[in-house]
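Accompanying notes for the structure given below.
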Amino acid sequence: MKKTDIFSLASEILSHETNASPSQTHGPVVKTGPTAGQNRSRRNNGQWRKKRSDAGQKRS
């Protein structure tokens with residue numbers, strides 16, 4: 001394989017990472033909100049991002 005083939009393959013894998021199924025990412029699925037049905041993202045330290053504590057409340 002050429003280097004360009006490896007890089008194109010790696011970029012293709014990374015581009016589909018956000019659309020990967022939970023069985024592939026071993027992560028939870030968002031239940032409600034604007035990103036419902038998508039996989040949860042991770043924080044920089046590796047923890048799964050949680051829903052905001054003030055979600056669903058009106059702004060004051």
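Note on the stretch 50-60: residues that are open to solvent by less than 100 Å² (accessible area, probe 1.4 Å) and closer than 13 Å to GLY27 by Cα total 0. Listed conditions (1) at pLDDT 75 or above; (2) surrounded by 12 or more Cβ atoms within 10 Å (Cβ to Cβ) are all met by THR25, apart from (1).
The values are calculated or read from the model by the stated rules, or taken from the named source; none is laboratory data. Since the model is a prediction, treat every value here as computed from it, not as a measurement. Don't worry about glycine lacking a Cβ; one is built from the backbone with ideal geometry, like all the others, and counts go over all protein chains shown. Areas reflect the complete protein model, heavy atoms only, side chains present, ligands, DNA and RNA absent. Shrake-Rupley method; radii C 1.70, N 1.55, O 1.52, S 1.80 Å.
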